[in-house]
Amino acid sequence: MTSAPTHPVDDRDPTPVELANCDEATLLGMLDKMEQRHGFVPREISEEISRLVQLRLERIERIRGKLDSTIRRDVQTHVAHWSNEEGNLIMILHAIQNQHGYVPREVAMELSRELGVPLARIYEVITFYHYFKLQPPAKHNVVVCNGTACYLKGSLELLNELRSRLGISEGQTTADRHIHLDVVRCIGCCGMSPALVVDGKTYGRVKTSEVGGILDSVKKQEAKP
Ligand code: FES
C-alpha cells in the first residue's frame, strides 16, 4: 500500500492536509508556484492558509507569554533583592547584565513596569555608563593597544588590517556576533609593542602579516569539539 504524499506534487494545488503539514518555507514556495500556475492564489487555499497562520500565531503568542513570565519572575527577584538600597536601579541593571551578558530590551521594559520608572530613564542610565551593553556579547574579543609605544610601532596598521578583514570598526561586532573589535590605551606590555589581546591572551610584536593567522586561530578554537 502506498501512503499519500505529505507535500503536493508540482503540477497540482495542495490539499488541506498537505498544507497543514508544511513548514513556513514550504508554504511560501507553494504560494509562489500557485501564483505562477494561476496568476493568483485560489480563494479556498488562501482561506485555509490564513486559518493555519492564525493557529500558528496563537501558539507562538502562548509560547511568548510563557517566556514573558520567566522574565517577569527574574526581574521581580532582582528588584526584591535591591529594594532597600539607594541607587538600586544601577545595582539591578548590573544583576541583569551579569545574568544575560547585556541588558535585553524586553527585560528593560519589564524593569520599567516593575519599578514604575519610565523606560527612557532606564535607557538614559544604560547609555551613560559604558559598562552596560545593549547587544549580546560577541563570542570573541579582539583588542588593539593604541597607546604611545604601540602607536609608534605600527598599531594603526594592525587596526586597519583587522577593520578590513572583519568588515567592522573598533567598538563594533561582526554581524554573526562572532568577534568584537576594540581599541585601548596601553595594556602595560610596552616592551612587546605593538600588542593585541585576543580573548585575554596577549600577542606581542605583532606584524600586520600575522593578523590573518591570529584570526584563523580564533576560528580553529571554535571548531574544536
Ligand atoms: S602602549 Fe601598547 S602596551 Fe603600552
For the stretch 57-128, just list the percent of Cα-Cα distances falling in each 5 Å bin from zero outward, please. 3, 16, 27, 25, 14, 7, 5, 2, 0
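Relative contact order, percent, of the chain when contacts are C-alpha pairs under 8 Å separated by at least 6 residues? Don't skip to the answer; put the middle values down first.
Values: 223 pairs, mean separation 28.2, N = 225.
Contact order relative to length: 13 percent.
Just how large is the dipole of the stretch 57-128 about the Cα centre, in debye to the nearest 20, putting +1 at every Lys and Arg Cβ and -1 at every Asp and Glu Cβ?
With Lys and Arg at +1 and Asp and Glu at -1, about 300 debye.
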Which one, Arg205, Arg56, Arg113, has the greatest fluctuation when you compute a Gaussian network model over the chain with C-alpha springs under 10 angstrom? Arg56
Tell me the label-point distance for the pair Asp13, Gln99, using the 7 Å Cα-to-Cβ offset, in nm and rounded to one decimal. 5.0
Rg (Å, one decimal) plus Dmax (Å, integer) for the alpha carbons of the chain? 26.4, 79
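Suppose we take every Cα in the stretch 71-177 and form the convex hull; what volume per residue is that in Å³? Kindly include the intermediate steps, with their values, before the conclusion.
Values: hull volume 13.4 nm³, N = 107.
Value for the stretch 71-177: 125 Å³ per residue.
More than 22 angstrom separation, counting every C-alpha pair in the stretch 10-99; what % is that?
On the way: 2129 of 4005 pairs.
When every Cα pair of the stretch 10-99 is considered, 53 percent fall beyond 22 Å.
Quick one: dipole size for the chain, taken about the Cα centre, charges +1 on Lys/Arg Cβ and -1 on Asp/Glu Cβ, in debye to the nearest 20.
That gives a dipole near 840 debye.
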Given springs between every Cα pair under 10 Å in a Gaussian network model of the chain, which of Met91, Met34, Met109 has the largest fluctuation? Met34
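Suppose every K and R has +1 on its Cβ and every D and E has -1 on its Cβ; what is the size of the dipole of the stretch 140-223 about the Cα centre, in Debye to the nearest 20?
Values: 10 positive and 9 negative charges, 34 e Å.
Dipole size: approximately 160 debye.
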per DSSP, antiparallel bridges as share of beta bridges in the stretch 140-223, % nearest 5, sits at 55
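Under the Kirkwood approximation applied to all pairs of distinct alpha-carbon atoms, what is the hydrodynamic radius of the stretch 140-223 in Å?
Working: mean 1/r = 0.0799 Å⁻¹.
Answer for the stretch 140-223: a Kirkwood hydrodynamic radius of 12.5 Å.
Each value in this text was obtained by applying a stated rule to the coordinates, not by laboratory testing. Remember, predicted model here, so these are calculated numbers, not experimental data. Note that each Cβ is placed from the backbone with ideal geometry, even for glycine, and that neighbours are counted across all protein chains shown.
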